[in-house]
Amino acid sequence: MNGRIALLVGLSGVALVLFAACGQAVTPPPADPAATEAPAEATDIPPTAMPPMLEGDVARGGRLYDEWTVELGVDVPEGDHPLWATQTTNTRTGGDTWRCKECHGWDYKGVDGAYGSGSHKTGFVGVMNMAGKDPYEILQVL
């Protein structure tokens with residue numbers, strides 16, 4: 001999934017969450033060694049980078065939200081997600097803590113939805129409040 005962004009789209013095609021799965025870009029060395037020298041003036045402004053092209057896919061978004069590591073074919077990170085320690089009500093550990101749905105709920109409502117109580121409760125907010133936001137703004141948050 002190098003160099004691509006998958007846009008998770010939910011109810012009525014409203015952008016709920018973006019999941020960035022970008023690899024590090026590799027730039028070939030310039031042909032002219034002089035091209036690597038610092039600009040002559042500090043006022044030189046670098047060209048503006050184009051934002052990544054975002055594409056929506058409802059089915060893939062759901063799979064990413066459920067188990068992004070399976071969808072991307074990567075190993076689950078070691079240990080618990082770093083934010084997992086900020087809650088004390090959900091006792092799951094390891095790979096489960098890296099699943100979007102585990103913190104934010106199947107219904108995207110987090111603490112205000114089905115995962116607001118019971119064994120899945122984390123107290124984390126849902127992602128529904130991102131509905132209608134500019135997808136590039138959401139990408140910056142992530």
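The values are calculated or read from the model by the stated rules, or taken from the named source; none is laboratory data. Just so we're clear, the structure is a prediction, and the values are computed from it rather than from any experiment. Accessible surface is based on the protein model in full, side chains and every heavy atom, while ligands, DNA and RNA are left aside. Shrake-Rupley method; radii C 1.70, N 1.55, O 1.52, S 1.80 Å.
For Val58, tell me the accessible area in Å² from a 1.4 Å probe, rounded to the nearest 10.
Accessible area, nearest 10 Å²: 90 Å².
When a/c is below 1.5 the answer is rounded, else prolate if a/b is larger than b/c, else oblate, so apply that to the range 53-142 with a ≥ b ≥ c taken from the square roots of the Cα gyration tensor eigenvalues.
It is oblate, given that a/c is not under 1.5 and a/b is not larger than b/c.
Sort Leu139, Leu64 by accessible area with a 1.4 Å probe, largest first.
These residues rank, largest area first, as Leu139, Leu64.
What order do Val74, Val127 take when sorted by accessible area (1.4 Å probe), most exposed first?
Most to least solvent-accessible, the answer reads Val74, Val127.
From largest accessible area down, sort Lys109, Lys121, Lys101; use a 1.4 Å probe on the protein chains.
Accessible-area ranking of Lys109, Lys121, Lys101, largest first: Lys109, Lys121, Lys101.
So, with a 1.4 angstrom probe, what is the percent of accessible area on the range 76-127 that is carbon and sulfur?
Roughly 55 percent, rounded to a whole number.
Roughly how many Å² of Trp84 are accessible to a 1.4 Å probe, to the nearest 10?
Looks like 10 Å² after rounding.
Fully extended, how many nm does the chain gain between Leu83 and Trp106 (0.36 nm per residue separation, minus their Cα-Cα distance)?
Roughly 6.4 nm would be gained on extension.
Expected output is a single nm value to one decimal: the length gained when fully extending between Thr69 and Thr93, i.e. 0.36 nm times separation in residues minus the C-alpha distance. What is it?
Extra length available between Thr69 and Thr93 comes to 7.1 nm.
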